[in-house]
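Remarks on the structure that follows.
The values are calculated or read from the model by the stated rules, or taken from the named source; none is laboratory data. Given the structure is predicted, the values throughout are model-derived calculations rather than measurements. Every residue, glycine as well, gets a Cβ built from its backbone with ideal geometry; the counts of neighbours run over all protein chains shown.
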Amino acid sequence: MIELVSPVGYPKVEAQAQRRSLDTPVGRRAGFIWNQYPATRHFWPRLEHALETLCKPSSVHRAYKTNTWMPLEQAKFSELADSVDYLVIGVGA
Amino acid sequence: MQRAEIHRIESIEQFTGFVYEQGWTDGLPVFPPTREAVESIVAYVGRARGEVLGTIFPGDGEATLENVAANCAMAGCLPEHAPVVLAAVECLADPAMPITTTQSTGSASILTIVTGPVVGALKFHTREWIFGPNGGRANAAIGRAIRLILWNIGRAQPGKLIKGTMGHPASWSYCIGEEQELTPWEPMHVDLGLAATDSAVTVMKAGEHSQLAVPINTVGLNECITLLARGIGRLGITTSGGKRGFVYVINPSLAQAFARAGFTRDNLRTVIAERAFKYSYDWQNDSNQGDAMPCPDLDTKAPTERGIVVAPITPDEIHVVVGGGEAPQMGQCVSVSSRSSAGKPMLTKRIRFPA
């Protein structure tokens, strides 16, 4: 019999447990971050419209990036995240 | 603190099939991470097996001394190699090394550069075919261990958490040691604030890997510097946003020629940065660190009329490492470039050896 030690690492369970869940997106404060990737320019406005129609958010906050490379500036992200209950993020490059 | 799982097989003949079934390897054969092999590495390091070293991107798996040791064993590391791997893990787990390091569609690899006295002590192969394959156990095993750590702890597995479109052939094992005896300068990590007597590991998000011939017997050193600088200028990476890093691995003959002419590593970095530019004809990105835009004078000017756009490269983004074979008639260089949308493209940590 040969005993082998697993080389696999697992994410911290505590970190998973700290995640908050949103019981419903309906009537909550919504946020959108979009990188304006060309292939999504027709899709994204329709997605936003559909979600707003479906979820009737109490307020909507948006941040549209001007590039696909860089993350949204930390200060802008923090301000947005503090203003909403959930974020819909569009990425792609 | 997590203890690593223990698996049991009946015989060594079962190992190869078992390890592929478990998904513990990136495709290349590996050594069995037996309890004895792992114990010998943990005992050598002299720290608690459950010590948490941090989490490894992109899967945020928790790296402990024990599971890192298991990956070292699979890579064929000697226990003496483990402190080097642990320093590299410290770099990978540092929040300054961003998650995008391996997730990008650009297929960046992780290059590990080992500097200082440890290079000689561990018998790194630092001369001909420094980037391998070269028979150097330290180069290959440490590089493989880091790759397997990314695979097994970071879950950097294609099609799942990493989306590189092409991959990177050096990713199987991408580790070099800086030449100790033939270099005219102090170790590269001295530029980063460590002592020459220290040993250190630099981990770099490595994109383009290019060979440059620098014919020191037929052109002057002034032209050699221009050749090195144009090596940066032709890389598309210089035109995109974020933080960048450029590593020049130059062979000892070229380094010695520069040193004889009075160059230090520091002022060599400065003159390379001064000459690294691109013609506007080639400039495909705008100044907003972003998306490709048509160049306004594309195809409308003769080459001599084209403007020169100075790439905003600074000396601190450039690092010079000495390594490779001697070739007095022909300087040789490998340039490795890096760009990171967020965080630092490369990090250096001092190696902590057992007491």
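Here are a few things to note about the model shown:
- Among the residues here, B:Pro187 qualifies as more than 14 Å from every other protein chain (Cβ to nearest Cβ), over 22 Å from B:Leu65 (Cα atoms) and either surrounded by 24 or more Cβ atoms within 10 Å (Cβ to Cβ) or at pLDDT 95 or above (or both).
- A:Leu4 satisfies every condition listed in (1) within 14 Å of chain B (Cβ to nearest Cβ); (2) in contact (Cβ under 8 Å) with a residue 24 or more places away in the chain; (3) surrounded by 15 or more Cβ atoms within 10 Å (Cβ to Cβ) except (2).
- Scanning segment A:29-68 for residues that are of a type in the set (Lys, Arg) and closer than 19 Å to A:Val91 by Cβ returns A:Arg41, A:Arg46, A:Arg62, A:Lys65.
- Test: B:Cys77 is closer than 30 Å to B:Ala96 by Cα and away from chain A (no Cβ under 11 Å): yes
Condition check ((1) farther than 25 Å from B:Pro98 by Cβ; (2) in contact with a Gly (Cβ under 7 Å, 6 or more places away or on another chain); (3) in a loop (DSSP other than H, G, I, E, B)) across all residues:
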| residue | (1), (2), (3) |
| --- | --- |
| A:Thr24 | yes, no, yes |
| A:Leu54 | yes, no, no |
| A:Thr66 | no, yes, yes |
| A:Glu79 | no, no, no |
| A:Ile89 | no, no, no |
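- Residue in segment B:43-51 that is surrounded by fewer than 23 Cβ atoms within 10 Å (Cβ to Cβ), more than 25 Å from B:Gly177 (Cα to Cα) and within 9 Å of chain A (Cβ to nearest Cβ) present: no
- Every residue from segment B:1-40 that is in contact with a strand residue (DSSP E or B) (Cβ under 9 Å, 6 or more places away or on another chain), more than 8 Å from every other protein chain (Cβ to nearest Cβ), among the charged types (D, E, K, R) and free of Cβ contacts under 8 Å to residues at least 60 places away in the same chain: B:Glu36, B:Glu39
- B:Tyr20 satisfies every condition listed in (1) closer than 29 Å to B:Arg350 by Cα; (2) surrounded by fewer than 16 Cβ atoms within 10 Å (Cβ to Cβ) except (1).
- Among the residues of segment A:28-76, the ones that are within 14 Å of chain B (Cβ to nearest Cβ), free of Cβ contacts under 8 Å to residues at least 24 places away in the same chain and surrounded by fewer than 16 Cβ atoms within 10 Å (Cβ to Cβ) come to 6 in all.
- Only one of the listed residues (B:Tyr248, B:Tyr281) is farther than 30 Å from B:Pro79 by Cβ and modelled with pLDDT under 65. That residue is B:Tyr281.
- Top-ranked residue of segment B:56-69 - restricted to ones that are under 15 Å from B:Arg147 (Cα atoms) and part of a strand (DSSP E or B), ranked as nearest to the other protein chains (Cβ to nearest Cβ): B:Gly61
- Lone unmet requirement of (1) outside any strand (DSSP E or B); (2) modelled with pLDDT of 90 or more; (3) among the charged types (D, E, K, R) for A:Arg62: (1)
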